[in-house]
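Comments concern the structure below.
The values are calculated or read from the model by the stated rules, or taken from the named source; none is laboratory data. Predicted model only: the values in this text are computed from it and were never measured. Cβ placement follows ideal geometry from the backbone for every residue including glycine, while neighbour counts extend to all protein chains displayed. In case anyone asks, the SASA skips ligands and DNA or RNA and just uses the protein heavy atoms, side chains included. Shrake-Rupley method; radii C 1.70, N 1.55, O 1.52, S 1.80 Å.
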Amino acid sequence: MTHTGTNAVFWPYPCWIAHRGAGKLAPENTMAAFRLGAEHGFAMFECDVKLSADGEPFLLHDAELDRTTNGQGVAGVLKWDALSRLDAGSWHGRTYAGEPLLRLESLARWLQALGLMVNLEIKPTPGEEVRTGRVVAQHVARLWAQSQIKPLLSSFSVEALRAAQEAQPDLPRALLLDKWSRDAVDTALVLGCQALVVNQTQLDEERIAAGHAGGLKVLTYTVNDASRASTLWLSGLDGLITDRVDLFEPQARLGANPARLMVEAEEFAC
Ligand code: G3P
Ligand code: MG
């Protein structure tokens, strides 16, 4: 399908997004990570959301607890009461010992108190795609009811995005792509998405242009290298998810479009 790119997208989000709160500098997806990311000047965060057995949305990347908590096995089979007692900080280091898993509700309160934004990656426990998409969207609509700027929901799972779309069609959505495919833009449009979020190894100027031609914003993950970031900004990128909240702190604080700043700096040098 050929796209004309005439759709105007409401896009209030900043260019720089901190991956899992603060990348690898603090235990991912915990409150400590978000605090650290904010201290480095980031106004938007990516994080991974799944459901407990009793339907509570909480933050965890893996399906299992083993890598990032003192628990074991599949997280989604436990109720929130059991999950809330786990230590999600000690694996990272003594500084964060006892840091708990984070409920979406607690994160929502903190973000809104500080006027910060979020990209919620719906990361279902395998087999729970539809339920997770639906329940996360319902919680987001309730938790951010008073906010003008809603979380950007994203997922690799088409089923989860479709369920989120059916439950809360007005929430902004993005299709995540680990591998670029020729039907990526069409799939995103069918799901009513506003954006594609693409693995940075898969992205170039032509693919960014293809997204734009479909009226989509194009974001990328996970860029931790300054020269790769510059190349992508100059190729028309709209948003970049990074672990390196330390490296990109000055740019995140500026908040302006990095490509425009780079062009202006070149003109100034001439
Ligand atoms: O949402 C972007 C990125 O987080 C997707 O990959 O595995 O880091 O969740 P992953
Ligand atoms: Mg993620």
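Summary of computed values
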item: Answer from Thr125, Thr132 - the residue that is in contact with a helix residue (DSSP H, G or I) (Cβ under 7 Å, 6 or more places away or on another chain), within 16 Å of ligand 2 (Cβ to nearest atom), at pLDDT 95 or above and in a loop (DSSP other than H, G, I, E, B); result: Thr125
item: Any hit, the stretch 77-84, residues being under 15 Å from Ser106 (Cα atoms), open to solvent by 10 Å² or more (accessible area, probe 1.4 Å) and among the hydroxyl-bearing types (Ser, Thr, Tyr); result: yes
item: Subset of the stretch 142-158 [over 12 Å from Leu171 (Cα atoms) and within 16 Å of ligand 1 (Cβ to nearest atom)]; result: Ser155, Phe156, Ser157, Val158
item: Top-ranked residue in the stretch 213-235 [being surrounded by fewer than 19 Cβ atoms within 10 Å (Cβ to Cβ) and among the charged types (D, E, K, R); ranked as nearest to Phe10 (Cα to Cα)]; result: Arg228
item: Test: residue in the stretch 205-212 that is out of contact with any Asp or Glu (no Cβ under 6 Å at 6 or more places or on another chain), surrounded by 20 or more Cβ atoms within 10 Å (Cβ to Cβ) and not in a helix (DSSP H, G or I); result: no
item: Residue identified as of a type in the set (A, V, I, L, M, F, W, C), within 15 Å of ligand 1 (Cβ to nearest atom), within 29 Å of Gln148 (Cβ to Cβ) and in a helix (DSSP H, G or I) among Leu175, Leu219, Leu189, Leu161; result: Leu161
item: Test set (1) more than 19 Å from Cys47 (Cα to Cα); (2) within 16 Å of ligand 1 (Cβ to nearest atom) - Val245 fails condition number; result: (1)
item: Neighbours by Cβ (under 8 Å, 6+ apart or cross-chain): first from the stretch 218-241, under 17 Å from Pro172 (Cβ atoms) and within 16 Å of ligand 2 (Cβ to nearest atom); second in a strand (DSSP E or B) and open to solvent by 30 Å² or more (accessible area, probe 1.4 Å); result: Gly239/Lys217; Ile241/Tyr221
item: Selection within the stretch 39-72 - in contact (Cβ under 8 Å) with a residue 24 or more places away in the chain, more than 16 Å from ligand 2 (Cβ to nearest atom) and touching a strand residue (DSSP E or B) at 6+ places or on another chain (Cβ under 8 Å); result: His40, Ala43, Ser52, Glu56
item: Among the residues listed as Arg173, Arg253, the single one being open to solvent by less than 10 Å² (accessible area, probe 1.4 Å), closer than 20 Å to Tyr13 by Cβ and among the basic types (Lys, Arg); result: Arg173
item: Per-region count, the stretch 52-68, residues buried (at least 20 other Cβ atoms within 10 Å of the Cβ) and under 24 Å from Leu143 (Cα atoms); result: 5
item: Subset tally (residues that are more than 16 Å from ligand 2 (Cβ to nearest atom) and under 15 Å from Arg35 (Cα atoms)) for the stretch 76-102; result: 5
item: Evaluation of Ala137 against (1) under 22 Å from Leu216 (Cβ atoms); (2) open to solvent by less than 60 Å² (accessible area, probe 1.4 Å); (3) within 16 Å of ligand 1 (Cβ to nearest atom) (one fails), failing number; result: (3)
item: Any hit, the stretch 2-22, residues being at pLDDT 95 or above, farther than 30 Å from Ile208 by Cβ and not β-branched (Val, Ile, Thr); result: no
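Results for (1) open to solvent by 40 Å² or more (accessible area, probe 1.4 Å); (2) touching a residue at least 24 places away in the same chain (Cβ under 8 Å); (3) over 19 Å from Ala18 (Cβ atoms); (4) under 14 Å from the mean Cα position of the chain (by Cα), shown as yes or no for each residue.
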position	(1), (2), (3), (4)
Arg94	yes, no, yes, no
Gln112	yes, yes, no, no
Pro126	yes, yes, yes, no
Ala145	yes, no, yes, no
Leu177	no, yes, yes, yes
Val185	no, yes, yes, no
